[in-house]
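Read through the structure below, which is laid out as structure tokens, and then see the notes.
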Amino acid sequence: AQSVTQLDSQVPVFEEAPVELRCNYSSSVSVYLFWYVQYPNQGLQLLLKYLSGSTLVKGINGFEAEFNKSQTSFHLRKPSVHISDTAEYFCAVTLYGGSQGNLIFGKGTKLSVKP
Amino acid sequence: DAGITQSPRYKITETGRQVTLMCHQTWSHSYMFWYRQDLGHGLRLIYYSAAADITDKGEVPDGYVVSRSKTENFPLTLESATRSQTSVYFCASSGHGSSYEQYFGPGTRLTVT
């Protein structure tokens, strides 16, 4: 079965600094990968997704992620963060061609952007 | 307005009571999901449904019941609430063949006293 590990539970960073949120997955077959963002007291919103093709995926709000098959990673990056990026970020994985009920989420990384 | 809504947004109930959380989507998505979110656990799938009258268990189904008589609605019932079911509950939906992207509702914060 696949699993997702988000290596940092909390990431503090200063405004305008770059940030990387790390995600590793475990699967012996091809996967789809996602990053979701959850702002305080809201539901989750899709940031970006990797299905196939280019390993560098661009999402909303200036975020991007790179799929690295050899390292089974899908790290999320932003070159310059804003206060408004303060939120919790979830990495998720599902099997290529698998059941749509099998989206597995990591435990989340809380990004705190300080002025 | 189009989208996915949940009601109530906040609920306090007592141990042993039955409570139903409602979820409604206007996209005619085939798939619907119920998750619970707890500190240290992330999101865990309770139940999901691939279509009307088709439901299946997720990771943590015990103590919950679902039904789906209409495509747009997917209520979640706690038959006899326990304190361990205090959580934030999220409903989500996904279109068939939509690359597995799920759209989430705003959540229901449930407290069982």
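The values are calculated or read from the model by the stated rules, or taken from the named source; none is laboratory data. Not measured: the values here are computed from a predicted model. Because the Cβ atoms are built from the backbone with ideal geometry, glycine has one as well, and the counts that use them run over all protein chains shown.
Listed values, structure above:
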item: Residue within the stretch B:89-97 that is more than 8 Å from chain A (Cβ to nearest Cβ), without any contact (Cβ under 8 Å) to a residue 12 or more places away in the chain and in a loop (DSSP other than H, G, I, E, B) present; result: yes
item: Selected residue [within 14 Å of chain A (Cβ to nearest Cβ), loosely packed, with under 12 Cβ neighbours inside 10 Å, in contact (Cβ under 8 Å) with a residue 12 or more places away in the chain and more than 16 Å from B:GLU79 (Cα to Cα)] from B:TYR10, B:TYR35; result: B:TYR10
item: Check on A:VAL37, surrounded by 16 or more Cβ atoms within 10 Å (Cβ to Cβ), in a loop (DSSP other than H, G, I, E, B) and on the phi < 0 side of the Ramachandran plot; result: no
item: Looking only at the stretch A:53-77, and only at residues there that are without any contact (Cβ under 8 Å) to a residue 24 or more places away in the chain and within 14 Å of chain B (Cβ to nearest Cβ), the one that is farthest from B:VAL88 (Cα to Cα); result: A:GLY53
item: Looking only at the stretch A:60-74, and only at residues there that are at pLDDT below 95 and not in a strand (DSSP E or B), the one that is nearest to A:SER3 (Cα to Cα); result: A:THR72
item: Given (1) surrounded by 17 or more Cβ atoms within 10 Å (Cβ to Cβ); (2) touching a Lys or Arg at 6+ places or on another chain (Cβ under 8 Å); (3) touching a residue at least 24 places away in the same chain (Cβ under 8 Å), index of the condition A:VAL31 fails; result: (2)
item: Test for B:LEU110: is it more than 14 Å from B:GLN6 (Cβ to Cβ), away from every other protein chain (no Cβ under 13 Å) and in contact (Cβ under 8 Å) with a residue 60 or more places away in the chain; result: no
item: Filter pass, A:LEU51 being buried (at least 16 other Cβ atoms within 10 Å of the Cβ) and out of contact with any Asp or Glu (no Cβ under 6 Å at 6 or more places or on another chain); result: no
